[in-house]
Amino acid sequence: MNSKLLGKGYEPHDVERRWYDFWEKEKLFAADDESSAESYSIVIPPPNVTGVLHMGHALNNTLQDILCRYRRLRGDNVLWMPGTDHAGIATQNVVEKALAEEGKDRHQLGREKFIEAVWAWRERYGSAIINQLKRLGASCDWDRERFTMDEGLSRAVRKVFVELYNQGLIYRGNYIINWCHRCHTALADLEVEYEEHNGHLYYIRYPFTDNSGGIVVATTRPETMLGDTAVAINPADERYQDLTSDTVILPLMDRQIPIIKDAYVDMSFGTGGLKVTPAHDPNDFEIAERHHLASVKVIGDDGNMTSEAGKFAGMDRFECRDAVVKALEKEGVLEKIEHYAHSIGHCYRCKTIVEPNLSRQWFVNVKPLAEKAIMAVQKGETKIVPDIWTKTYYNWMNNIRDWVISRQIWWGHQIPAWTCKACDEVIVSMEAPTTCSKCGGEKLVQETDVLDTWFSSALWPFSTMGWPDDTQLLKTFYPTSVLVTGFDILFFWVARMMMMGIHFMGDVPFTDVYVHALVRDEDGQKMSKSKGNVIDPLTIIENYGTDAFRFTLAAFAAQGRDIKMSERRVEGYRHFVNKLWNAARFALMHLNQSYDKIDDDHLSLPDRWILSRLNRVINSTADALDTYRFNDAASELYNFVWHEFCDWYLEAVKPALYGKKGEGQKEAALGVLWHTLHDILVLLHPFMPFVTEEIWHKLPGTRGSIMKAAYPSDRADAADIVRDKDVESQMTLLIDMISGIRNIRGEMNISPSLALQVWVQSTDHATSETIHCHQDVVINLARLKSLHVSNTAERPKSSATAVVDGATIFVSLEGIIDFAKESERLEKEINKLSNELAKVSIKLENKAFLNKAPAHVVEDVKEKHARLLERKQKLRTNLDRIKEIET
RNA sequence: AGGCACGUAGCUCAGGGGGAGAGCGCUACCCUGACACGGUAGAAGUCGUGAGUUCAAAUCUCACCGUGCCUACCA
C-alpha cells in the first residue's frame, strides 16, 4: 500500500513550483523547428513590459495554455511563442515618472541616455510579467522569448517601413491628428477614449465690419476662436440669404475673416453659424481644404497658447478659455452660455484631454491593405470565433481611415528616414545612409519620431519567427493555428496583423481567431485601478492554487459573454481539485501496478458503466476543445469526475477492491480504476496541469511527465474503452433504485446506520434479471440487509414505496413506519407525477400534435405518458393501502 | 444617433423549438475504513413584459422595459 504518498488535502504551492521547474528543465515546452508531426502554433499577445498580470492576461493565457497542452497530448509539434511589447508611450511614462522622483527629466538626460535608462529599467523590471505567466503554468517556449525592440524585430520593422514607403503606402503630411499634451505626442484615432462630460456651449457674435449685427456661432471650446479663419453657413440656410457683407470681424483678434458657404454646416444646430478653426478641428480642417483657408495654430504642442494667440500667448489652454470668455463678455459679443453635455477625447495612456492638432506626421494608407484583410475573412482563410465578431471586424475595416504611425517620443523604433540638410531630400532606408542620394551631401539628419508600438506588434506573428529571413521556423509554423485575444484589441492588433501578414507573407497570420470575453468584477463593472475593484490573479493563485483558478477561468469562458469574476466560484473549484486529489489518494491505496489490458471476463456492471461513460467524456471533451468551447469541456470533466467517477463508481467498486468479490473481480476493478484515473489525469491536464502531474508521478506504471502522455482516444488500447448503451441503461436502473430507497430513508428520518429490508416487484423479465444479477450493488449503496426480487405482489405489511421504470420497490418499515409521514410522502410524489402527466396528456389530446409532429416525438410522448401513468398508479395503490391500514 | 449583446433558482452563470440545469448559498440527517474542501436527501424559477409564427416557444420573429458594450458625431 502506498497511501502515504498522498497527503489528506491537496497543497498547491510546493507542487506548482516543483513541477514548473521540472518542465522547464526538461525542455518540455520546446517546439521543434522541423518535425514530421503536425504543427500547432500560437503567438502570445505580448503583454507590455511595464505590465503586471491582470485578470485579462490570466484568462487569455490560460486559454492558450489549455490549447497548447491539449495539442501536445494529441501529438502535435506545438510552438507557443512568448514575448513582450515595448509599449512606447506607457513605458516612457513609467521611466519618466521614476526619473521625476530623482528630480530629473528626460531632456536633462538627452535622448541617448534616456533610452539607456529605459533599457536598464527593462532589465530590472521587464521580466515581472513573464514570471507571473509562469505562475499561471503557461507552457511557452521560453527559450524563444522575443521583445519588440530586439534587433531582429527592429530589422523587421525597418524593412516593413521601407517597403511600404517605396510602395507609396506610407507618406508624410500635415494633417489634423489627436494630440496629447502630457505625453507630447500624436495619437491614432483608436488611441483616444471618449467620455461624456458636462460642459458649456458658448454663443459668440462675430460682428460685421461696421460692428453691427453679425453672425452668432456656438462653440464648446471658446479659446480656439483665436485661431478662426472663417465663419461658415449652410448655402441653403434662409436666415442668411440676405447678407450684405461677406466678411465678419473676429472678436479679440480684430481680424477680418470671410463668411463661407459649405453644405457640411448643420442648419439645425445652434444658430446655423459655424466658426472654422482649421488647426484645431478635423472637420474644420476639411472645410479649410475645400475653401483654401489658412490655418492658424493657437494651441501649442505643450498645451500653452502660441504667439498666434495675441495677448493670450503663453497662457495655459484651460486658463485661456476663462480669459477668452471674460474678454468676450467685456466686448459684449458673448450672447449666452448654455449647459451642454458632450463627449471629450482622452489619451488612452494618461487620460489627459487630447486636442485635435494640426501637425506633420507619418501615415499609412491602410485602405488597400484592409481590402485584402476583409477578403481573407470572407474567403474563410481566417475564421473568427465566435462568428459574431466577424461583422464588427468588417464594419471597422470598411470604415478604416489612414493610420498615424509617428509618435513624438523617444522610446520606440526611430523612423528610418533621413533628411539631407543640403537639398531637403528625404531618404528612407534600412540602414543609415552616409550620403544623400540626390545631391551627395553628407549632412543627413534622421527623423526623431518613433513608430507607434502597434506598428511593430502588427508584425508579431512573423517577426518573432525570424522574418525577413526565410527561416525554418516560419516554414514550420506560419500561419499560426489560432490567435487568442480579447475583443478590446481586435482593431488595435488583430486587424493590423491581418493586414501586415497578408501583405508581407502572402498569407494570413492565423487560421482561427478566438475572441474571448472581458473579465469584469462581480457587478459586471470593468476592473480598473481607479475604481478599486481589481482582483489580483496572483492573490487568487495564492489563496486557491493555480489549478483551481485556471479551471474557474475555463468554466467561465462561455463564448460571447463577459466574465464576472467571483471568488466563490474559485473556491468551489478548489474543492474540485481536492476531490480529484482524494479520489486519487483512494485509488492509490489499492493500486500497486499498472494495467495494460482490461480483464474483460470479470468486469462488473459499474466497471463497464464507467468505461462507457469515460468513452463519452473523452470524445466530448476533445470536441469541445476543438471548437473553443472551454466551458463545456470543463463542465463535462467536472461532472464526470465528481458525479460519475467519485459518487457512483468508486462507491460501487469498494467491495470488490476490499476483496469481498474474489480475486478475479478485484483485479478487473483495479484495471478499470487504473485506466479511468489515468485517463482522467490526461483529460484534466490541460486545465489543471500541476495537480495532474503530481498524481501522475504517483500512479504506478507511468514514466516521465504527463505532458508526454497520449490523449486517450489516440492510444493503441483506445478500442478497449467503448460506449455501451445497454450497460448505461442497466446502471441507470440501479441508480434510480438506490436513489429511491435513499429518498425514503431521508424523508422518513431513518438512521443511516439501520440496514433495510427491501422487496422488489417486477413483471418485466429484463428488469428483474438486471436487478437480480447486480443486487449486490444496490445492497451495498442503499445499505440493505436483504433484497428480494419477485414477479408477485409479495411485500412486507408495513412498507414505504418507491417506483422506478419497470419495478416497484417496497422498503420494509416493520415497527418503525410513520403512516402519516408515508402518506404525505406518497402524496407529494403523486402530485409531482400528476403535474407532469397533465402536461403530457394535453399534448396527446391535441389532434394537431398527433398529426403534425414527427412520429418519433409522438412515440416518445406516448411512452412517457405510459411510464408516468404506471408509476402514478402504483403509488396510488400503495397510498390507498397505507390509508386503509392507518384507519 | 446607429449597431451588438444580455435579462433563466437568493447569488454567479450554462442551455437554446418537444421532459427547467450547474456551482455557491439554504434546510434536514450523517465525522460510513479517499475526501466535512466530504456524503445522502430536500426546498426553491409564470426562463424581463406583451404580442406573433408553430401541432409545440425559455428557445424563433417583432415591439417594449431594463442592463452593458462598441462605433460614429458632437459647433
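The values are calculated or read from the model by the stated rules, or taken from the named source; none is laboratory data. For clarity, every value in this text was computed on a predicted model and none was experimentally measured. With ideal geometry, Cβ positions are generated from the backbone for all residues, glycine too; neighbour counts draw on all protein chains shown. Remember, those area values only see protein heavy atoms, side chains included, never the ligands or the DNA or RNA. Shrake-Rupley method; radii C 1.70, N 1.55, O 1.52, S 1.80 Å.
In region A:726-736, what count of residues is obtained for those that are within 15 Å of RNA strand B (Cβ to nearest atom) and in contact (Cβ under 8 Å) with a residue 40 or more places away in the chain?
Count: 6.
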Study note, to complete from the structure: Expected output for region A:550-574 (first residue in contact (Cβ under 8 Å) with a residue 40 or more places away in the chain, partner within 6 Å of RNA strand B (Cβ to nearest atom) and open to solvent by 10 Å² or more (accessible area, probe 1.4 Å), Cβ below 6 Å, 6+ apart or cross-chain) is A:Ala555/A:Asn631; A:Ala557/A:Asn631; A:Ala558/A:Asn631; A:Gly560/A:Ile388; A:Lys564/A:Glu522; A:Lys564/A:Gly524; A:Ser566/A:Glu522
Review point. A:Ala232 versus (1) open to solvent by less than 10 Å² (accessible area, probe 1.4 Å); (2) under 14 Å from A:Gln361 (Cβ atoms): which is the lone unmet condition?
Key: (2)
Revision key, fill the gap. Here the qualifying pairs (Cβ atoms under 6 Å; residues six or more apart or on different chains; first in region A:318-346 and in contact (Cβ under 8 Å) with a residue 40 or more places away in the chain; second within 14 Å of RNA strand B (Cβ to nearest atom) and among the aromatic types (Phe, Trp, Tyr)) come out as A:Glu335/A:Tyr203; A:Lys336/A:Tyr203; A:Ile337/A:Tyr202; A:Ser343/A:Tyr194; A:Gly345/A:Tyr194
Revision key, fill the gap. Within region A:48-98, residues open to solvent by 10 Å² or more (accessible area, probe 1.4 Å), β-branched (Val, Ile, Thr) and either closer than 15 Å to A:Ile409 by Cβ or assigned to a helix (DSSP H, G or I) (or both) come out as A:Thr50, A:Ile89, A:Val94
**Study point:** Set A:Gly213, A:Gly173: member being part of a loop (DSSP other than H, G, I, E, B) and either within 13 Å of RNA strand B (Cβ to nearest atom) or not β-branched (Val, Ile, Thr) (or both)
**Key:** A:Gly213
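Could you pull out the residue among A:Phe556, A:Phe551 that is more than 7 Å from RNA strand B (Cβ to nearest atom), among the aromatic types (Phe, Trp, Tyr), under 16 Å from the mean Cα position of the chain (by Cα) and crowded, with 16+ Cβ neighbours inside 10 Å? I'd like the intermediate steps shown before the answer.
On the way: A:Phe556 fails: more than 7 Å from RNA strand B (Cβ to nearest atom).
Selected residue: A:Phe551, the only one of A:Phe556, A:Phe551 that is more than 7 Å from RNA strand B (Cβ to nearest atom), among the aromatic types (Phe, Trp, Tyr), under 16 Å from the mean Cα position of the chain (by Cα) and crowded, with 16+ Cβ neighbours inside 10 Å.
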Review point. For the subset of region A:200-229 comprising residues that are among the small types (Gly, Ala, Ser) and surrounded by 15 or more Cβ atoms within 10 Å (Cβ to Cβ), which member is farthest from A:Ser307 (Cα to Cα)?
Key: A:Gly214
Review point. For A:Leu625, which of the numbered conditions (1) part of a helix (DSSP H, G or I); (2) near RNA strand B (Cβ under 9 Å from one of its atoms) fails to hold?
Key: (2)
Study note, to complete from the structure: Scanning region A:287-301 residue by residue, the ones that are touching a Phe, Trp or Tyr at 6+ places or on another chain (Cβ under 8 Å) and acidic (Asp, Glu) total 1
Check your understanding: When the residues of region A:7-25 are filtered to those that are within 16 Å of RNA strand B (Cβ to nearest atom), in a helix (DSSP H, G or I) and touching a residue at least 24 places away in the same chain (Cβ under 8 Å), which remaining residue is surrounded by the fewest Cβ atoms within 10 Å (Cβ to Cβ)?
Key -> A:His13
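Each row is one residue, and each column tells you yes or no for (1) among the aromatic types (Phe, Trp, Tyr); (2) over 27 Å from the mean Cα position of the chain (by Cα); (3) within 14 Å of RNA strand B (Cβ to nearest atom); (4) on the phi > 0 side of the Ramachandran plot.
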{"position": "A:Phe630", "(1), (2), (3), (4)": "yes, no, yes, no"}
{"position": "A:Phe640", "(1), (2), (3), (4)": "yes, no, yes, no"}
{"position": "A:Glu651", "(1), (2), (3), (4)": "no, yes, yes, no"}
{"position": "A:Glu667", "(1), (2), (3), (4)": "no, yes, no, no"}
Review point. Among the helices (runs of 4 or more DSSP H) contained in region A:289-403, which hold 3 or more residues that are touching a helix residue (DSSP H, G or I) at 6+ places or on another chain (Cβ under 8 Å), under 30 Å from A:Gln559 (Cα atoms) and more than 16 Å from RNA strand B (Cβ to nearest atom)?
Key: A:367-378
Point to revise | Meets criteria (among the acidic types (Asp, Glu), open to solvent by 90 Å² or more (accessible area, probe 1.4 Å) and out of contact with any Gly (no Cβ under 7 Å at 6 or more places or on another chain)) for A:Glu331 | key: yes
Check your understanding: Of all residues in region A:599-620, which are touching a Ser or Thr at 6+ places or on another chain (Cβ under 6 Å) and under 11 Å from A:Ala669 (Cα atoms)?
Key -> A:Ile610
Review point. Can you tell me how many residues in region A:737-750 are within 10 Å of RNA strand B (Cβ to nearest atom), surrounded by 15 or more Cβ atoms within 10 Å (Cβ to Cβ) and in a helix (DSSP H, G or I)?
Key: 8
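Going by the conditions given, is A:Thr220 in the same structural domain as A:His197 (by TED's automatic domain parsing) and either modelled with pLDDT under 85 or out of contact with any helix residue (DSSP H, G or I) (no Cβ under 6 Å at 6 or more places or on another chain) (or both)?
yes
Out of the residues in region A:116-144 that are of a type in the set (Asp, Glu) and touching a residue at least 12 places away in the same chain (Cβ under 8 Å), state the one that is surrounded by the fewest Cβ atoms within 10 Å (Cβ to Cβ).
Per the stated criteria, the residue is A:Asp143.
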Review point. Hey, A:Lys839 hits all of (1) surrounded by 15 or more Cβ atoms within 10 Å (Cβ to Cβ); (2) over 24 Å from A:Leu754 (Cα atoms); (3) charged (D, E, K, R) but one; which does it fall short on?
Key: (1)
Practice item. Please find, among A:Asp284, A:Asp242, the residue that is open to solvent by 50 Å² or more (accessible area, probe 1.4 Å), among the acidic types (Asp, Glu) and not in a strand (DSSP E or B). Key: A:Asp242
Check your understanding: Looking at this structure, is A:Ala323 aliphatic (A, V, I, L, M), surrounded by fewer than 17 Cβ atoms within 10 Å (Cβ to Cβ) and over 20 Å from A:Asn178 (Cα atoms)?
Key -> no
Check your understanding: A:Phe645 fails exactly one of the following numbered conditions: (1) touching a Ser or Thr at 6+ places or on another chain (Cβ under 8 Å); (2) modelled with pLDDT under 90. What is the number of that condition?
Key -> (2)
Review point. Could you give every pair whose Cβ atoms fall below 7 Å, whose first residue belongs to region A:825-851 and is closer than 30 Å to A:Ile882 by Cα and assigned by TED's automatic domain parsing to the domain that holds A:Gln873, and whose second residue is in a helix (DSSP H, G or I) and near RNA strand B (Cβ under 7 Å from one of its atoms), counting only separations of at least 6 or pairs across chains?
Key: A:Arg825/A:Glu747; A:Leu833/A:Leu868; A:Glu836/A:Leu868; A:Leu837/A:Leu868; A:Val840/A:Val861; A:Val840/A:Lys864; A:Val840/A:Leu868
Practice item. Determine which member of the set A:Leu681, A:Leu673 is surrounded by 21 or more Cβ atoms within 10 Å (Cβ to Cβ), more than 24 Å from the chain's Cα centre (by Cα), modelled with pLDDT of 95 or more and more than 18 Å from A:Arg69 (Cα to Cα). Key: A:Leu673
Point to revise | Residues of region A:218-239 satisfying the condition of being assigned to a loop (DSSP other than H, G, I, E, B) and either acidic (Asp, Glu) or under 46 Å from the mean Cα position of the chain (by Cα) (or both) | key: A:Thr220, A:Arg221, A:Asp228, A:Asp237
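Kindly indicate whether A:Gly815 is at positive phi, open to solvent by 50 Å² or more (accessible area, probe 1.4 Å) and more than 9 Å from RNA strand B (Cβ to nearest atom).
Considered against the rule, which asks whether it is at positive phi, open to solvent by 50 Å² or more (accessible area, probe 1.4 Å) and more than 9 Å from RNA strand B (Cβ to nearest atom), A:Gly815 comes out as yes.
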